1. Could you list, ordered by first residue, the pairs with Cβ atoms under 7 Å in which the first is in the stretch 180-202 and in a loop (DSSP other than H, G, I, E, B) and modelled with pLDDT of 85 or more and the second is open to solvent by 30 Å² or more (accessible area, probe 1.4 Å) and not basic (Lys, Arg), at least 6 apart or interchain?
2. If you go through the stretch 75-102, how many residues are under 21 Å from residue 192 (Cα atoms) and open to solvent by less than 10 Å² (accessible area, probe 1.4 Å)?
3. Give the residue, chosen from 120, 95, that is closer than 30 Å to residue 72 by Cβ, among the aromatic types (Phe, Trp, Tyr) and in contact (Cβ under 8 Å) with a residue 60 or more places away in the chain.
4. Please go through the stretch 19-45 and give me each residue that is surrounded by 20 or more Cβ atoms within 10 Å (Cβ to Cβ), of a type outside the set (A, V, I, L, M) and within 20 Å of residue 188 (Cα to Cα), ordered by number.
5. Could you tell me which of the residues 54, 68 is open to solvent by 60 Å² or more (accessible area, probe 1.4 Å) and modelled with pLDDT of 95 or more?
6. Looking only at the stretch 119-133, decide whether some residue is within 17 Å of residue 40 (Cβ to Cβ), of a type outside the set (Phe, Trp, Tyr), open to solvent by 60 Å² or more (accessible area, probe 1.4 Å) and not in a helix (DSSP H, G or I).
7. When you check residue 115 against the structure, is it under 21 Å from residue 42 (Cα atoms) and either open to solvent by less than 50 Å² (accessible area, probe 1.4 Å) or of a type in the set (Ser, Thr, Tyr) (or both), yes or no?
8. Which residue out of 70, 43 is touching a residue at least 24 places away in the same chain (Cβ under 8 Å) and under 20 Å from residue 179 (Cβ atoms)?
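The values are calculated or read from the model by the stated rules, or taken from the named source; none is laboratory data. Since this is a predicted model, take the numbers as computed values, not measurements. Because the Cβ atoms are built from the backbone with ideal geometry, glycine has one as well, and the counts that use them run over all protein chains shown. Heavy atoms of the whole protein, side chains included, go into the accessibility calculation; ligands, DNA and RNA do not. Shrake-Rupley method; radii C 1.70, N 1.55, O 1.52, S 1.80 Å.
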Amino acid sequence: MENEEIIRLRQANFRQTNAYAMQHGIMLGLWAVGCQACYVAGLSHPLFSTLWMLMLISIPALTCIFTLRLRRIAGNDRPFPFSRGFVHAFLTLLYTAVWAAVATFVYMQFFDNGYVFDCYTATLSRPEMVELMNQSGMSETIKASTNGHTMIDVVNELRNFGAANFAALIIYFYILSSPFISILAGLVSMRRNNYLQTPKQT
């Protein structure tokens, strides 16, 4: 195969990979938004907290499933290298991060009104929580690392953190975690087509 043909093939593969990553990113983004909604609801309802955890740990599995779906679309007669699976998963998670960050910004800017931090303050103010933090030495550790501030003081400072900063944290989290998930997706979806090659005539 000529070099130009190889380049055209790679470009076509990338365009297809990116197109499906955008579609899968929307679907996984909606899943991530639902996950975040369960997290907020779980601050006052433990059942949603459990559901949030299940949805969160299923994101790597869904990413692998979407990558395997792309492999099936690409065709069983074609190899599917690790790099293509990695790129698809990585792009999917980046698109997911955008949707999750937008949802975070909108919620924190227009709907939260301090609800999340009120829940944190109420939890940290419970006598059993105060006693647990004192016994574990966490209270002293927090004071030492924050110039004498308590955990409640830290929560109150976060109230002024800004919706855009929380959205940026969501993107930062996805950027940090996406390479590891993408490696898993690339390994799971990797396929060589050696077994499809016609044996040479003797």
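1. Short answer, once both residue conditions are applied: 190/81; 190/82.
2. 4
3. 95
4. Result: 24, 25.
5. Checking each option against the conditions leaves just 54.
6. no
7. yes
8. 70 is the lone residue from the list that is touching a residue at least 24 places away in the same chain (Cβ under 8 Å) and under 20 Å from residue 179 (Cβ atoms).
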